[in-house]
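Contents: one structure, followed by commentary.
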Amino acid sequence: MMMLTKKMIEIRGLLQTVGQSDQLTLPSIVVIGSQSSGKSSVLEAIVGHEFLPKGSNMVTRRPIELTLVNTPEAKAEYGEFPALGLGKITDFSQIQKTLTDLNLAVPAEQCVTDDPIQLRIYSPNVPDLSLIDLPGYIQVAGRDQPIELKEKIAELCNKYIQPPNVILAISAADVDLANSTALRASRKVDPRGERTIGVITKMDLVDAARGADLLTDRKYALRLGYVGVVCRVPQTTGGLFTRGNGNIQKAITRNENAYFSSHPLEFGPETDVDVGTNNLRKKLMYVLENTMASSLKTTSEAIQRELAEATYEFKVQYNDRPLSAESYLAESLDAFKHSFKDFSEHFGRPQVREMLKHELDQQVLTLLAQRYWNRPFDDLQPPLPETDPLIELPKADPDNPLWHLKLDASSSSLTKLGIGRLATTVVASSLQAHVDHLIANSTFAAHPFARQAITEASTSILRELSYDISDELEICIKPYKYRIEVEDHEWTKGRESVTAVLKEELLMCENAVKQVENEVGGRKKLKDVMGFIDRVRNGQVVIEGSGIGGAGGFSAALLEKGREGVFLRDRVDVLKMRLMAIKSKQCANKKNKYYCPEVFLDAVADKLTTTADLFLDAELLSKFYYVFPRELEARLGRNLSQAEIERFAREDPKIRRHLDVVRRKDLLEHVLKEMESLRQLEAREKRGITRP
Ligand code: GDP
């Protein structure tokens, strides 16, 4: 029953996926031999393909861990380098090329390395075997080879031929066995010859009688015996099996059989010698299977130790907290949705209202400045003889059409501002900013992929909603574009509200003045340059030319600052003057709206805000609050593949380590269970065999 080896090879593959194979050595067959002993030819005969690096100066520099997997149902034969992720390679010359490249990649000064190349070959024509091909022993270093090479190869081989591995010692028939480096090396670690199989190659090169003698050697007696082979691929010109991708097993066997059967006396069925690649293959399977069986116990114990270690780490470092990529994603998503819900409960109509009103206040300030407050001079030139609206405003004659026109134009500017777009954009950007903030404070912060998915979800929903909402809102406020009635209580409220707005603006201007003072180096200096600018404006001083490059002993930069100071001072004056006006009796009554455009415009802004906040609350907030969590679920929940979830979770190094421990522990538990059932099977089998 050849199933232990297959199972054990599977188990080793599993252990390799969690990087455990180093500590847990399952027995392999280690192939050693001198250079040119025919080692590669034997391996290729077993596999049935030429796939090993060849060439006069080709020294194998890395061990090749060759796993053969028997696939009885399949037709195709292919190789795989699990560590390289190249996929299935059906062209064996490609495998040969890859192996050559991997060998050449080892720097010459390093000679050889014990970092193995893993290669798996799947075929219906190979047995389940685990072989390790090692660099061939060399006698004398070649011309361009370092002198330590010989030494290093011996060291490397020595590391691999330790128990529980089986040694496949290759020697050529045309070399005296006493000179076989492979047999000598094996003798050192296996003095009683219990786990060494001797292979004598090139049997065709010696006299048949001498060949048969070699196979029954008593001097180097091996319990597992010797097998004689002829592994040369027959060089029939143009032959079907000689070169290329065809299987060479048949050709070799035919050639071998022809040779051995032509010497029936020495190698025939009557003799007790063991010959032929087929026999060798069977022997390898049998020996490896038995070795696997006898190492089951120690391997189980080693896995148990590993498991104990992983369990300990899991307990101490992670408090036994179970974790999978799925559970991590689900928890993260839940926490995020929770924080979003929390946010949505605190961000409603009042918050929208405050935001919109603030935005409109700024618009009102701009309008006031444009239509009422700006003095007509800005430059370093004397003023034009024109009326100053600010001085005129308090005396405004309500019957004068100029003041009607000014106020009507201002309020119409406000209503025709495009409130629909403006308000929708303000609220949508605020929602987006809040979502960004929530992401930054969530576990998703460490996951670029999820961050992007969430951001995309919210931006696309907001974009889509905004499109219709801004148009619809514009329609809602349409009536205000034609006629605005302000009630008494609205007037009172507007008066209070605009006072606060102007006071805040005043404070900001005063702070800005201080800032300019600091920038020019003190209040006195600013006052001097502002004084100069004032004198120019009043026509007391005339500047020759444009004044670019400085004037009156002040640099251009200083004049610029001075102008900023003058602007701010004037603004402060205006604000103070208007605050007083609003406070006065005149502005207490809405009848005097032409005297008090600030109050009226504030009341208009308030009406617009009320319409907009109601609409946006119903249309934008509630819809977003409903759709967004569902979109998250779709993008990060249902629609992710297993691989994507895994990739997501592993983006965070802390989670990756946690997942690794859990995975290693689970895998070792699984492997241990498998091993236990194998041991039971094995025990039952033994009982069955030994029962009389
Ligand atoms: P390695 O260096 O030990 O891997 O040896 P190779 O497998 O490359 O073989 C060395 C040389 O011996 C090659 O030219 C092979 O063709 C030849 N060779 C291998 N096996 C046999 C054999 O059984 N009979 C004969 N006549 N030549 C062989």
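A few points about this structure:
- Interchain or long-range residues, amide H under 5 Å from Ile167's placed H: Val30, Thr196, Ile197
- Whichever lysines have a C-alpha closer than 22 Å to that of Lys337, once near sequence neighbours (fewer than 8 apart) are set aside: Lys623
- Cysteines not pairable in the chain (beta carbon separation under 4.7 Å absent): Cys111, Cys157, Cys231, Cys476, Cys509
- Among the lysines of segment 115-267, pairs that are 8 or more positions apart or on different chains and have alpha carbons within less than 23 Å of each other number 7.
- Span-like helix check, the chain: qualifying full DSSP H segments, with Cα axial length of 27 Å or more and mean Kyte-Doolittle of 0.5 or more, are 419-440, 597-616.
- Between the residues Ser339, Ser295, Pro350, the greatest Cα displacement towards the positive end of the dipole of segment 240-364, with unit charges on the Cβ of Lys, Arg, Asp and Glu, is found for Ser295.
- Total formal charge among the other residues, if their Cβ is under 11 angstrom from that of Leu473, Lys/Arg +1 and Asp/Glu -1: -4
- Calculated on the alpha-carbon coordinates, the convex hull of segment 120-186 measures out at 144 cubic angstrom per residue.
- Trypsin sites (Lys or Arg not before Pro) within segment 44-135: DSSP coil, no more than 13 neighbouring Cβ in 10 Å: Lys54, Lys75, Lys88
- The GluC sites (Glu not before Pro) of segment 447-551 meeting both criteria, a DSSP state outside H, G, I, E and B (loop) and at most 14 other C-beta atoms within 10 angstrom of the site's C-beta, are Glu485, Glu487, Glu544.
- With the convex hull of its Cα atoms as the shape, segment 622-692 has an orientation-averaged projected area of 7.8 nm².
- Assuming charge only on the beta carbon of Lys and Arg (+1) and of Asp and Glu (-1), the dipole of the chain about its Cα centre is about 1040 debye to the nearest 20.
- Burial ordering of His49, His263, His437, fewest other beta-carbon atoms within 10 Å first: His437, His263, His49
- Label-point separation in nm, Ser339 to Lys250, each point 7 Å along Cα→Cβ: 6.8 nm
- Computed over the chain, relative contact order equals 15 percent, with contacts defined as Cα pairs under 8 Å that lie 6+ residues apart.
- A simple count of charges around Ser123, restricted to other residues whose Cβ falls under 10 Å of its Cβ and scoring Lys, Arg +1 and Asp, Glu -1, yields 0.
- Each residue of the chain gets 308 Å³ once the volume of the Cα convex hull is shared out per residue.
- Long-range HN-HN contacts of Gly228 with modeled amide H, under 5 Å: Ile200, Asp274, Val275, Gly276
- Net charge of the neighbourhood of Val175, taken over other residues with C-beta under 15 Å away and scored Lys/Arg +1, Asp/Glu -1, is -1.
- Ordering Ile167, Ile64 from the fewest to the most neighbouring beta carbons within 10 Å gives Ile64, Ile167.
- The calculated Kirkwood hydrodynamic radius for segment 43-199 is 16.8 Å, given to one decimal from all distinct C-alpha pairs.
FYI, it's all coordinate maths here, none of it is from the lab. Keep in mind that what you see is a predicted model, and the values were worked out from it rather than measured. Virtual Cβ from ideal backbone geometry, glycine too; neighbours counted across all protein chains shown.
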